[in-house]
Amino acid sequence: MAPRRAVQLSLKKPTYAVCVVGTETLVNVHRDVPRGAKTFRVSGSSKVEVSMVYDPRWVTEPTGKAHWPLDASVDVVISVDTASKDLNDLKVKVSYFKQQEDDPLGHSMLYLTAVDVSLDVDASRIGKVKRCQRDKTWRWGPEGHGAILLVNCDKDSRKSQKPDLYSSQPVSLDDLQDMSPIVLTCDGPDELFDRHKLVLSVSSSDSRRVRVFHARGGTSVSDYRQVLGPQHLSYHVERQPGEQEIRFCAEGLAFPDADFSGLVSLSVSLVDTVSLPEVPLFTDTVALRVAPWIMTPNTQPPLELYVCSVTDQHGSNQKFLDDMAYLALKANCKLIVCPRAENRNDRWIQDELEFGYIEAPHKSFPVVFDSPRNRGLRDFPYKRILGPDFGYVTREPLNSGASSLDSFGNLDVSPPVTVGDTEYPLGRILIGSSFPKSRGRQMAKVVRDFLAAQKVQAPLELYSDWLAVGHVDEFLSFVPTSDPKGFRMLLASPSACLKLFQEKKEQGYGDAAQFAGLRYKAKRSINELLADRRLRSDSLYVQKCIDWNREVLKRELGLAEADIIDIPQLFSLKSDYAEAFFPDMVNMVVLGKYLGIPKPYGPVINGRCCLEEQVRALLEPLGLHCIFIDDYLSYHRLEGEIHCGTNVRRKPFAFKWWHMVP
């Protein structure tokens, strides 16, 4: 409810005022009264609701022909619920009396013109604008309210080189579908608007984050023009005779970030142009929130699998591409191969970008987040992925170059989890970082700030700086399951690997060799591996690092030991940083129930790799299919694996982000 305006009455001449439908107006009955008057009575037109505001402890409500006392704190409040058809067609009469005598000492007349002014958005979050009489602020939760803006970061015009938000004019009719509708109601006598005007406005800070277009006279793009936004803080709305609704649409210009909560507000004011200075008689304000960028975890169904075609001194990765094509076919998702001309022989597509999406009740589309890594693939997200209904966002460090931890192999997200009484229905973002209070490598602050500002996936920093490359995908992954939990977390485990090898030795298979079948790698028997004190020491050090993360993940994701599967893996240290001793099986690509796992080339026992058999025994009872793929030459020897060399766009969550309470 808007603040009450006060109207002063006069005994000498009628008072004329404008009241806005749905608001309350205070009528001052105490200022100009006849001499000797002790009581008063109020009457009005049938369309005017008159109410008395008083404290029943001190004032008794009159009955019959009794009047209200003037010497007590009694206020008169009026309101109307429909717009006037003509000027001054409503009236309120105040009569003053001496005690309770029937003959009045005088009268004050108030003539009213009611105007209906309301600024409305899709506050109910149903995909269209409905008139809102309640609180127009923004509130989270399933019972919340408030409209949602999409950052217009896609590129609907193929002629343009930049996202649509850089254009001060809609680029196409499709572009308009990305925008949120706004309706201004302005019903009342046409003559009223000869002396009053409607002004739409936005604050200076919000003008950098939202742009509003006025829809005028048609349905073509040329019928829309920018009225609010950068360098446009206010707009005099030109109402046509008889016009009762004026339509606008708005687009977001910026994602939530360290200096922006995501909330913007727009206002409309009814301004009296006769008085000097001009006086706003009424202001209606609506709040809108910019939709956050949302990541999708491995548990979401795959839509597209991305991989790069490359050639180096060892040849092309065509065999790997064939394996990815087979995997995509099994998972029923589309394979997209980035050619060498576009990747410039940069195969690490996971590190360059992360797929997510933005959503409002009326529209949703994917948005690629381009990392500050900027190597051979640096132009691919902007030049090849950005397009119609496919948005783009990036964050670049201002004062320093990117480190390895800025690559998005170091960015993951958990499935939805519940921690105590706190629900994370969209999961939690996971970021690899240095050990707390140390001075190691960290992801760039601008990226971490951006991720935290989205609010809906509460980022969690893990310890990954012990790794040479330093990415979280080197020691953890998530896989979907069909049981009530819905997923398992996989952790690389040197202890599990050493235990497995010890069991095989005790079973008489100590001579079985790691790297059997690799002609370009020296074979190492189980006996030799177990006797290698340095390898054991290195792996146990890594186990301590992973165990530290394990406890953090259990606590912060609400996981039990039964939710975690240890995947056997050995590591060795090089210049105090860890590298996978054999292809890192946790660094897999997950396509529904099909897992593309780096082939570990483990000891072959009875014709089967014992590492592969162990992983199958752990995962296949969950309904998963393990497909082991040779990535040794193309990826492992270059300090990466299958997950590093692939990327997956996944189906958005069914859960609506605005239903949660961060």
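Observations, loosely collected:
- Test result for residue 627, touching a strand residue (DSSP E or B) at 6+ places or on another chain (Cβ under 9 Å) and surrounded by fewer than 24 Cβ atoms within 10 Å (Cβ to Cβ): yes
- Residue in segment 331-340 that is in a helix (DSSP H, G or I) and within 32 Å of the chain's Cα centre (by Cα) present: yes
- For segment 289-325, the set of residues classified as of a type outside the set (Asp, Glu) and assigned to a helix (DSSP H, G or I) consists of 318, 319, 320, 321, 324, 325, listed by residue number.
- Set side by side, the residues 119, 87, 110 differ, and just one is under 30 Å from residue 287 (Cβ atoms), of a type in the set (A, V, I, L, M, F, W, C) and either part of a loop (DSSP other than H, G, I, E, B) or out of contact with any helix residue (DSSP H, G or I) (no Cβ under 8 Å at 6 or more places or on another chain) (or both), which is 119.
- Selection status of residue 234, modelled with pLDDT of 95 or more, among the polar types (S, T, N, Q) and over 18 Å from residue 150 (Cβ atoms): yes
Each row is one residue, and each column tells you yes or no for (1) in contact with a His (Cβ under 6 Å, 6 or more places away or on another chain); (2) at pLDDT 95 or above; (3) not assigned by TED's automatic domain parsing to the domain that holds residue 134.
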site	(1), (2), (3)
266	no, yes, no
304	no, yes, yes
314	no, no, yes
321	no, yes, yes
328	no, yes, yes
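- Failed criterion for residue 215 (all others in (1) crowded, with 16+ Cβ neighbours inside 10 Å; (2) at pLDDT 95 or above hold): (2)
- In segment 426-443, the residues that are farther than 17 Å from residue 542 by Cα and of a type in the set (A, V, I, L, M, F, W, C): 426, 429, 430, 431, 443
- Contacts under 8 angstrom Cβ, first residue in segment 257-275 being on the phi > 0 side of the Ramachandran plot, partner of a type in the set (D, E, K, R), 6 or more apart: 262/289; 262/455
The rows are residues; the columns are (1) surrounded by 14 or more Cβ atoms within 10 Å (Cβ to Cβ); (2) basic (Lys, Arg).
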{"position": "117", "(1), (2)": "yes, no"}
{"position": "121", "(1), (2)": "yes, no"}
{"position": "127", "(1), (2)": "no, no"}
{"position": "133", "(1), (2)": "no, no"}
{"position": "136", "(1), (2)": "yes, yes"}
{"position": "143", "(1), (2)": "no, no"}
{"position": "154", "(1), (2)": "yes, no"}
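- Filter result for residue 337 (touching a helix residue (DSSP H, G or I) at 6+ places or on another chain (Cβ under 7 Å), assigned by TED's automatic domain parsing to the domain that holds residue 597 and either at pLDDT below 95 or farther than 30 Å from residue 159 by Cα (or both)): no
- Qualifying residue in segment 563-583 (condition: surrounded by fewer than 20 Cβ atoms within 10 Å (Cβ to Cβ), touching a Cys at 6+ places or on another chain (Cβ under 6 Å) and either assigned to a strand (DSSP E or B) or without any contact (Cβ under 8 Å) to a residue 40 or more places away in the chain (or both)): no
Residue-wise test of (1) under 44 Å from the mean Cα position of the chain (by Cα); (2) on the phi > 0 side of the Ramachandran plot; (3) outside the structural domain of residue 327 (by TED's automatic domain parsing).
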{"position": "498", "(1), (2), (3)": "yes, no, no"}
{"position": "514", "(1), (2), (3)": "no, no, no"}
{"position": "538", "(1), (2), (3)": "yes, no, no"}
{"position": "544", "(1), (2), (3)": "yes, no, no"}
{"position": "555", "(1), (2), (3)": "yes, no, no"}
{"position": "573", "(1), (2), (3)": "yes, no, no"}
{"position": "589", "(1), (2), (3)": "yes, no, no"}
{"position": "601", "(1), (2), (3)": "yes, yes, no"}
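- Enumeration of residues in segment 11-49 that are out of contact with any Cys (no Cβ under 7 Å at 6 or more places or on another chain), over 18 Å from residue 274 (Cβ atoms) and of a type in the set (S, T, N, Q): 23, 28, 39, 43, 45, 46
- Close contacts from segment 341-364, counting a first residue that is assigned by TED's automatic domain parsing to the domain that holds residue 587 and closer than 22 Å to residue 415 by Cβ and a second that is among the charged types (D, E, K, R) and at pLDDT 95 or above, with Cβ to Cβ under 6 Å and a gap of 6+ residues or different chains, come to 353/370; 355/649.
- Residues that are within 28 Å of residue 308 (Cα to Cα) and either at pLDDT below 95 or surrounded by fewer than 22 Cβ atoms within 10 Å (Cβ to Cβ) (or both) within segment 605-615 comprise just one, 612.
Conditions tested, residue by residue: (1) closer than 18 Å to residue 182 by Cβ; (2) touching a Phe, Trp or Tyr at 6+ places or on another chain (Cβ under 6 Å); (3) in a helix (DSSP H, G or I); (4) not assigned by TED's automatic domain parsing to the domain that holds residue 273.
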position: 199; (1), (2), (3), (4): yes, no, no, no
position: 204; (1), (2), (3), (4): no, no, no, no
position: 211; (1), (2), (3), (4): yes, no, no, no
position: 214; (1), (2), (3), (4): yes, yes, no, no
position: 222; (1), (2), (3), (4): no, no, yes, no
position: 226; (1), (2), (3), (4): yes, yes, no, no
position: 240; (1), (2), (3), (4): yes, no, no, no
position: 246; (1), (2), (3), (4): yes, no, no, no
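- Hits in segment 507-543 - residues which are among the acidic types (Asp, Glu) and either more than 17 Å from residue 580 (Cβ to Cβ) or free of Cβ contacts under 8 Å to residues at least 24 places away in the same chain (or both): 511, 528, 532
- Taking the listed residues 13, 38, 91, 98, the one that is at pLDDT 95 or above, in contact with a Pro (Cβ under 9 Å, 6 or more places away or on another chain), farther than 25 Å from residue 134 by Cα and not assigned by TED's automatic domain parsing to the domain that holds residue 280 is 91, with no other qualifying.
- Residue match in segment 418-429 (condition: in contact with a Lys or Arg (Cβ under 7 Å, 6 or more places away or on another chain), in the same structural domain as residue 484 (by TED's automatic domain parsing) and touching a residue at least 40 places away in the same chain (Cβ under 8 Å)): no
The values are calculated or read from the model by the stated rules, or taken from the named source; none is laboratory data. What you are looking at is a predicted structure, and each value in this text was computed from that prediction instead of being measured. Every residue, glycine as well, gets a Cβ built from its backbone with ideal geometry; the counts of neighbours run over all protein chains shown.
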